[in-house]
Number of protein chains: 2
Amino acid sequence: MNPIRIGLLGAGVVSSGVVKVLERNQAEIRRRAGRGIEVAQVGARSLDKARAALGSGVAITADLDAVATDPSIDIIVELIGGTTRAKELVLKAIAAGKHVVTANKALLAVHGTEIFAAASERGVMVAFEAAVAGGVPIIKALREGLTANRIQWIAGIINGTTNFILSEMRSKGLDFDVVLKEAQRLGYAEADPTFDIEGVDAAHKATIMSAIAFGIPVQFDKAYVEGISKLQAADITYAEQLGYRIKLLGITKRRDDLPGGGIELRVHPTLVPEKRLIANVEGAMNAVVVHGDAVGSTLYYGKGAGSEPTASAVVADLVDVTRLHTADPDHRVPHLAFQPDALDSTPILPIEDVVTSFYLRLRVADEAGVLARITGILAEHGISIDAVLQREAGDNENQTDLIILTHDTAEGRMNKATVQMQALPTVLQPIVRIRKEDLN
Amino acid sequence: MNPIRIGLLGAGVVSSGVVKVLERNQAEIRRRAGRGIEVAQVGARSLDKARAALGSGVAITADLDAVATDPSIDIIVELIGGTTRAKELVLKAIAAGKHVVTANKALLAVHGTEIFAAASERGVMVAFEAAVAGGVPIIKALREGLTANRIQWIAGIINGTTNFILSEMRSKGLDFDVVLKEAQRLGYAEADPTFDIEGVDAAHKATIMSAIAFGIPVQFDKAYVEGISKLQAADITYAEQLGYRIKLLGITKRRDDLPGGGIELRVHPTLVPEKRLIANVEGAMNAVVVHGDAVGSTLYYGKGAGSEPTASAVVADLVDVTRLHTADPDHRVPHLAFQPDALDSTPILPIEDVVTSFYLRLRVADEAGVLARITGILAEHGISIDAVLQREAGDNENQTDLIILTHDTAEGRMNKATVQMQALPTVLQPIVRIRKEDLN
C-alpha cells in the first residue's frame with residue numbers, strides 16, 4: 001500500500017522531531033500501521049530556517065495555505081502554535097477534507113468547540129495527543145483507557161518549566177528570580193516566560209483534560225489561573241517541614257456534592273503530601289494523576305516537552321489516523337471522548353465555590369492571645385484546623401511566623417476569614433495562602 | 001441503538017466488578033460508546049455462588065459452552081482463569097464469530113499465538129487490557145500510545161502480592177515468611193502463593209508486554225523466572241544503605257548490541273536506585289516503565305488487581321470492541337500491536353547472555369587479602385566494580401559481610417566468577433547475588 005502523505009505546518013523543534021522520528025523508525029512504524037507515513041510537504045514562513053532545521057530530505061514551501069489544501073495530502077500536522085493563523089489553517093485543512101494532528105493546546109483550549117464541530121461536520125479527525133504532557137499518552141488514557149470510569153478528578157504537573165523551577169527552589173533553597181534565570185540559561189524557560197510561569201500553558205492543558213474527562217465543552221475562559229512567580233522560598237521550606245511539596249498543578253474535579261453538580265477547573269501552586277508519587281516528580285518532567293470511581297488513582301509520567309518526546313505523541317496520532325482515516329466516523333473515538341450529542345452543560349465553578357484545604361503563613365507579633373484571635377476567626381467561618389506550626393521569624397525577635405494547615409473549606413469562606421485576619425493589628429504582613437490537596 | 005450484548009464466563013471477583021461497573025456507570029459509558037453495554041448471560045459452574053456474587057439482576061447458567069456460542073451475544077468476556085477450559089471456551093467463542101475480552105494472562109502468554117491466529121482468521125478481536133497491571137491502561141499505551149517509538153526496554157512491578165511483601169519487609173525489617181503470612185491474612189496473597197511469589201504471574205505479564213513491544217510471538221517458555229522467596233531481610237537493608245530498593249521486576253529488553261539482535265525476557269528481584277519513581281511504588285500497587293527511543297522513559301502506575309480496577313480494564317476493552325466490532329479488520333489495532341505478517345523471529349536470549357550489573361554479598365573470613373582475591377577473580381572475568389561496602393557480620397567477630405556492586409556484565413561471566421569465588425576457603429557461606437538495573 002502507498003504511504004499515507006502528511007503535510008507539516010511549521011518547522012520548529014517539534015517538526016524537526018517528527019521528520020527525524022518518521023525517518024528513523026519508518027520500518028517499525030510501517031510494521032505497526034501496515035502502511036508507511038511520509039512527509040509530503042512542509043510549510044514554513046522562513047525557507048532558510050526550515051531547511052536548516054529539517055535537512056534536505058523534505059520538500060519545503062512558504063505557502064502554508066497551499067499545504068493545508070494540497071489534494072495529494074491526507075493528514076495535516078499543525079505545529080506553528082498560536083491561535084490566529086493556526087486556527088485559520090486548521091479550519092482550511094478540515095474544509096478541504098483533511099484529518100488534522102495538532103500539538104497546539106492554546107488553539108484547542110480556546111477554539112476547540114468550533115474546530116471539533118467543523119471536523120465532525122466534514123467527517124474528519126482532529127487528534128491532539130501532543131497537546132498535553134508531550135510524549136505521555138494521557139489523552140489516549142483519558143479518552144480510551146479509562147472509559148469504564150466516572151472520572152472524579154485529575155491533577156497534573158503539566159508544565160515542565162515551572163516544575164523545573166520549583167524543584168530547583170526546593171533542592172537548592174533558592175529564590176524564584178534566581179532559578180528563573182538559571183532555567184532561561186538552560187533553555188527550560190523562554191525569554192518571555194509569562195505563559196509558563198503564570199500558569200496559562202498549564203490551564204490550556206487542564207481545560208482540554210477537563211473536557212475529555214467529564215464530557216463538557218472546552219472552556220478556557222472559565223479556568224482559574226494562578227502561577228508561581230509570587231512563591232517564596234520560605235513557604236517551600238515550611239511545607240517540607242510539614243511533610244509536603246509545592247507543585248504547580250492543573251486540577252479539574254467533578255463536584256457531585258452540589259445540587260446540579262459543578263466542575264472545578266484551576267491551576268495554582270499546591271501543597272501535596274510528600275509520600276504521593278506525584279510529589280516526587282522532579283525537574284522538567286510531567287505527571288498526571290487521574291482518579292476514576294472504578295480504577296482509583298492511576299498516574300502517567302514522562303517528558304512533557306522537547307523535540308522527540310512531543311514528536312512521539314504526534315506520530316502516535318498519525319498512526320491512529322492512518323488506521324482509521326477511511327473508517328466510518330462511528331468507528332472512531334469521539335473528539336472529546338463523549339459523543340458530540342452527549343456533551344453536557346455542567347457549569348465550571350467560580351473559584352469562590354472551589355473546595356480545598358489551605359496552608360496559611362501569617363507574620364504575627366509575638367504576644368499573648370494572637371493565636372487565639374486567629375483561630376477564633378477561622379472557627380467563626382466554619383474553617384477547622386489540621387495543624388499549627390510556630391517558628392521564630394529570625395530577623396526580628398518580636399515577630400514570629402505562624403503556619404496553619406486547615407481542613408477543606410470553600411474558597412469564599414477563606415476569603416472572608418482572610419480579610420478579617422489581615423485586619424488584626426497583630427498580623428504584620430500580607431498573609432500567604434497556598435491551596436493544599438491530599439490527592440489520595 | 002440497541003445495547004451490545006455480552007456474555008460473561010466466570011462469576012468471581014472480577015466478574016462481579018464488571019457487572020457492578022456496567023450497572024453503575026451505564027449512562028457514562030453510553031455517552032462515550034454511543035451505545036449501551038449489557039450483560040446478557042453469565043456462565044458459571046456454581047449457580048449458587050454466582051447468584052451470591054452477582055445478585056439477581058443477571059441471567060446465570062451453568063452451561064458455559066452455550067454462553068460462548070449463544071447467537072444473541074456479541075462479545076464474550078472470559079474471566080474463569082487457567083489455561084485449559086478457558087482456552088477451549090475462547091476458541092469456541094471465536095469460532096462462533098464472537099469478539100473476546102479476557103483478563104487471562106496465563107492463557108495469552110502460553111496459548112496467545114494460537115488464539116490470535118484463530119481470531120484473525122475469523123475476523124474478530126481479542127482484547128486483553130486487564131491481563132497486565134489491572135486497571136492501568138498499559139496495553140493501550142504500548143499498542144497505540146507509543147507507536148512512534150522503537151521500544152528499547154520495559155521494566156515493571158506487575159505483581160501486587162510480591163510488591164506488598166517487599167514493601168513490608170523493607171519498612172518493617174521483617175523476614176519473608178512472616179510477611180507472607182500477614183499478606184495471606186490480609187487477602188493480598190493466595191493460600192497457595194506459588195504463582196505470585198515465584199514470579200510466574202509476573203512472567204506471564206512480561207511475556208505479553210514483550211510481544212507487543214517488539215513485535216514477536218508470545219514465548220512464555222523462554223522467559224527466565226526467579227521469585228522472591230529466597231530473599232533475605234539483610235540484603236534489603238544493605239541495598240537501602242547503598243541507595244537502592246529491591247523490587248520484583250518483569251523486564252524485557254531489546255539487545256541491538258548483538259549480531260542478529262536478541263531480546264531479554266526475565267523476572268527476578270532487582271536493585272533499583274531509590275531516586276527512580278518506580279523504586280517508590282509501595283504496597284500492592286503496580287507500575288511499568290517503558291523506554292522508547294523518541295519519548296524516553298514513561299511510567300504508568302495504579303492498582304494492578306482487585307475487582308473494580310480489573311473491571312475498569314475489561315470494560316474499557318468492551319467500549320473499544322463496541323466501537324470497532326463492525327469495522328473492517330484493517331481499522332482495528334493488530335492483536336500484538338504489529339501486523340501479523342510483520343512479527344519477527346528475533347530470539348529470546350538465554351539467561352547466560354543477559355547483561356546486568358550485580359549486587360553481591362559474600363560472608364568472608366575477616367583476614368588480610370580476602371578482598372584482593374575476590375576482586376582479582378572478578379577482574380579476571382572482565383567484571384568491573386562500582387562500589388564495595390564492608391560490614392561487621394555482628395554475631396561473629398571473625399567474619400564480615402562484603403557487599404560488592406558491579407558494573408554491567410553478561411550473566412555467564414558472573415556465573416563463572418561466582419563458582420571461583422565460592423570455592424575460596426575464605427568465603428564462608430553461599431554467595432548472595434541479586435541483579436541490579438539503573439532504569440534511566
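The values are calculated or read from the model by the stated rules, or taken from the named source; none is laboratory data. Note that this is a predicted model, so its numbers are computed, not measured. Heads up, the Cβs are rebuilt from the backbone with ideal geometry, glycines too, and the neighbour counts pull from every protein chain shown. Accessible surface areas use protein heavy atoms only, side chains included; no ligands, DNA or RNA. Shrake-Rupley method; radii C 1.70, N 1.55, O 1.52, S 1.80 Å.
Structure notes:
- Scope the stretch B:379-405; condition more than 12 Å from residue B:361 (Cβ to Cβ) and within 32 Å of the chain's Cα centre (by Cα); matching residues: B:383, B:384, B:385, B:386, B:387
- Restricting A:341, A:353 to residues that are closer than 20 Å to residue A:270 by Cβ, open to solvent by 20 Å² or more (accessible area, probe 1.4 Å) and either of a type outside the set (Val, Ile, Thr) or in the same structural domain as residue A:260 (by TED's automatic domain parsing) (or both) narrows the list to A:353.
- Taken together, the criteria exclude residue A:365 from residues that are surrounded by fewer than 18 Cβ atoms within 10 Å (Cβ to Cβ) and within 32 Å of the chain's Cα centre (by Cα).
- Filtered residues of the stretch B:350-391 (kept if in contact with a helix residue (DSSP H, G or I) (Cβ under 6 Å, 6 or more places away or on another chain) and assigned to a helix (DSSP H, G or I)): B:351, B:352, B:374, B:377, B:378
- Any hit, the stretch B:310-319, residues being part of a loop (DSSP other than H, G, I, E, B) and either loosely packed, with under 15 Cβ neighbours inside 10 Å or not hydrophobic (A, V, I, L, M, F, W, C) (or both): no
- Scanning the stretch B:14-59 for residues that are open to solvent by less than 30 Å² (accessible area, probe 1.4 Å) and of a type in the set (Asp, Glu) turns up just one, B:28.
- Screening B:404, B:431, B:348 for residues that are hydrophobic (A, V, I, L, M, F, W, C), under 30 Å from residue B:126 (Cα atoms) and either in the same structural domain as residue B:99 (by TED's automatic domain parsing) or touching a strand residue (DSSP E or B) at 6+ places or on another chain (Cβ under 9 Å) (or both) leaves exactly one candidate, B:348.
- Within the stretch A:1-18, tally of residues that are closer than 15 Å to residue A:78 by Cβ and in a strand (DSSP E or B): 4
- Hey, residue A:96 open to solvent by 30 Å² or more (accessible area, probe 1.4 Å) and of a type in the set (A, V, I, L, M, F, W, C) or not: yes
For every residue, the table says whether it meets (1) at pLDDT 95 or above; (2) not assigned by TED's automatic domain parsing to the domain that holds residue A:229.
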| position | (1), (2) |
| --- | --- |
| A:259 | no, no |
| A:291 | yes, no |
| A:294 | yes, no |
| A:310 | yes, yes |
| A:313 | yes, yes |
| A:318 | yes, yes |
| A:322 | yes, yes |
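- Qualifying residue in the stretch A:107-114 (condition: within 17 Å of the chain's Cα centre (by Cα), within 14 Å of another protein chain (Cβ to nearest Cβ) and open to solvent by less than 10 Å² (accessible area, probe 1.4 Å)): no
- For the stretch B:1-54, filtered to residues that are of a type in the set (Asp, Glu) and within 14 Å of chain A (Cβ to nearest Cβ), the residue that is nearest to residue A:143 (Cα to Cα) is B:28.
- The set of residues in the stretch B:296-352 being more than 9 Å from chain A (Cβ to nearest Cβ), more than 30 Å from residue B:260 (Cβ to Cβ), within 18 Å of the chain's Cα centre (by Cα) and of a type in the set (A, V, I, L, M) consists of B:305 alone.
- Within the stretch A:269-303, the only residue that satisfies the criterion of being touching an Asp or Glu at 6+ places or on another chain (Cβ under 8 Å), of a type in the set (S, T, N, Q) and part of a strand (DSSP E or B) is A:270.
- Of the residues making up the stretch B:228-268, just one is part of a loop (DSSP other than H, G, I, E, B) and crowded, with 23+ Cβ neighbours inside 10 Å, namely B:228.
- For the residues B:88, B:78, the requirement of being of a type in the set (Asp, Glu) and open to solvent by 40 Å² or more (accessible area, probe 1.4 Å) singles out B:88.
- Residues of the stretch B:163-209 satisfying the condition of being part of a helix (DSSP H, G or I), more than 30 Å from residue B:113 (Cβ to Cβ) and within 17 Å of the chain's Cα centre (by Cα): B:164, B:165, B:166
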